[in-house]
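Chemist: Please see the structure below; I have some questions.
The values are calculated or read from the model by the stated rules, or taken from the named source; none is laboratory data. No experiment lies behind these values; they were computed from the predicted model shown. Heads up: the accessible areas ignore ligands, DNA and RNA and are worked out on the full protein's heavy atoms, side chains in. Shrake-Rupley method; radii C 1.70, N 1.55, O 1.52, S 1.80 Å.
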Amino acid sequence: MQMTDFCDHLYNESTDVYIQILKLNEKNSAGERTIKIYNTRNDGLREIVEVLHNESDVFLAPNTMYLPKRRVENIRQFRALFQDIDCNKLGFEKAETVYMIWMLYHDGKVPKPTMVTDSGQGVHLYWRIENAPYGALNTWQELQDYIYYQLKHLGSDRKSTDGARVLRLPGTINSKNEANCEVLYIDNELEYSMYDLREQYLNYKPKSYQLQIVETKKNDTRVISNRFFNSYSLHMERANDLQTLCKLRKYDMTGFRNMAIHCYAYWKGIYVRDSYELENVVMELNSAFTEPLKDTEIRAILRSVPKAIDKFIAYEQGRRSGECKRVSKGMRDKDGYWYKNDTLIERLDISRSEQKHMKTIIGIDEKYDRNNVKRRNSRRDEEGLTNREKEKLDNINKIKDLVNKGLKNKEISEMLNISIRQVQRLKKEM
């Protein structure tokens, strides 16, 4: 059965925690469609999909969740990269679309899909990967965006590029045109490593390459992983910093609500591409405020996010494809939001004491303080001693042994090659 082949391709004995399946039911008397949700582990998955065979509008999440709630932050394992191609939207035939994708693969633009399915109105592409934890979110999203950017002209859907997305399950029916969803191609011998894909397609260089860049100062467009953050991880940590700021202020953000919601929606939108889910996430933060914004104000802010995300992807993928792009003033002000730390600190009135709890939104003084702490710590050994303190402790221990052997200060001084006065001083500390 195709449904079993599909499941076996994505999930095996290494699959951990919950796989989610959604079934859209027929409209009720109020004209609304209810959703039946199945959260199952791998050992119970095939039994559920057999029951749903030939049912209409059934969807499955390729990545697993550690909680039975489908959200990006709940991802337990990344099992595949995927793309949703709507052929009909651009007037392409499915066979024509698949052919053009294979041409892109042969041209080295995209990796070869490990599975292709007919979604009824288009095709779904899968690239099975060695399962990776939530900590690999940055790499997964960058690769997902890279493939989306390469297939955008064929009808790839940006809203289907977040890690918690569900796609139509083969062996079921698309009620929009009563078409059967089925597996068109599958290669069970092929499995990718995300980190190999990153080096091959994202133009990455190892961190050690940064030293070479400083020394040679050549104009190289390769993307180098920052010591701490790249553009993707920076957005995620800034969203976390903003949540930390709200907690420190006990969610009293009056006077800063618009800026806080605006930034949070954009930063979270880098990973949460589903507009409905993003609205829920932003509404949750807003409802925690002591004085929340109106729902209409939140939706007005959210309307600007998709365009900004598109600009972010275009900029990032432009760099990765070798284009020399720079962040322009226009991008900062309109199409993308590239706020400097000083701007965020000023507009959110973040104090020095609040900055100490943050990872990325910090001023120059806090940065210097952290660098000084790091330098001081780097001078100490595993016991927390500097070289000078360790030398002193060693001399004290040696003096103890020599005193116990009956040696005088002059003899100790000669043996340890230190002054008699220093011997006397260390004996006092003993």
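Chemist: I'd like the accessible area for K408, computed on protein heavy atoms only with a 1.4 Å probe and all protein chains in place. Round to 10 Å², please.
Modeler: Around 140 Å² of this residue is reachable by solvent.
Chemist: Can you give me the angle between helix 387-404 and the longest principal axis of the chain, using Cα atoms only, in degrees from 0 to 90, rounded to the nearest 10?
Modeler: Once rounded, the angle reads 50 degrees.
Chemist: Rounded to the nearest percent, how much of the accessible area of the chain (1.4 Å probe, protein heavy atoms only) is carbon and sulfur? Numbers along the way, then the final one.
Modeler: Numbers: 10530 of 22990 Å².
Looking at the chain in its full context, I get 46 percent from C and S.
Chemist: Tell me, what is the Rg over Rh of segment 63-115, with Rh the Kirkwood radius over Cα pairs? Could you put the intermediate results ahead of the total?
Modeler: Details: Rg = 15.3 Å, Rh = 13.5 Å.
Rounded to two decimals, Rg/Rh equals 1.14.
Chemist: What are the equivalent ellipsoid semi-axes of the chain, built from the alpha-carbon gyration tensor (square roots of five times its eigenvalues), in whole angstrom, biggest first? Provide the component values of the computation, followed by the final result.
Modeler: On the way: eigenvalues 565, 153, 113 Å².
Ellipsoid half-lengths, sorted descending, are 53, 28, 24 Å.
Chemist: Then there's this: How much accessible area per residue does the chain have, counting only protein heavy atoms and a probe of 1.4 Å, in square angstrom? Intermediate results must be reported in sequence, preceding the final value.
Modeler: Details: 22990 Å² over 430 residues.
Dividing the accessible area of the chain by its residue count gives 53 Å².
Chemist: With a/c under 1.5 counting as rounded, go ahead and sort segment 1-121 into rounded, prolate or oblate using the C-alpha gyration tensor (a ≥ b ≥ c being the square roots of the eigenvalues; past the cut-off, prolate if a/b is larger than b/c, else oblate). Don't jump to the answer; show the numbers that get you there.
Modeler: Values: a/c = 1.93, a/b = 1.27, b/c = 1.51.
The shape class here is oblate.
Chemist: With a 1.4 Å probe and all protein chains kept in place, how do L151, L67 rank by accessible area, largest first? Display every interim value, and only then the final one.
Modeler: Numbers: L151 0, L67 75 Å².
Highest to lowest solvent-accessible surface, that is L67, L151.
Chemist: Working with all protein chains in place, sort R388, R303, R41, R70 by solvent-accessible area computed with a 1.4 Å probe, largest first.
Modeler: From most exposed to least exposed: R388, R303, R41, R70.
Chemist: Kindly flag which residue pairs out of K247/K294; K69/K247; K405/K428; K36/K311 have an alpha-carbon separation exceeding 28 Å in this structure.
Modeler: Numbers: K247/K294 21 Å; K69/K247 24 Å; K405/K428 18 Å; K36/K311 36 Å.
Long pairs (Cα-Cα over 28 Å): K36/K311.
Chemist: Could I ask something else about it? Please compute the volume of the convex hull spanned by the alpha-carbon atoms of segment 108-163 and report it per residue in Å³.
Modeler: On the way: hull volume 5.4 nm³, N = 56.
Hull volume over Cα atoms, normalised by residue count, gives 97 Å³.
Chemist: In Å, the Kirkwood hydrodynamic radius of segment 20-66 over pairs of distinct alpha carbons? Don't skip to the answer; put the middle values down first.
Modeler: Numbers: mean 1/r = 0.0854 Å⁻¹.
One decimal place: 11.7 Å for the Kirkwood radius.
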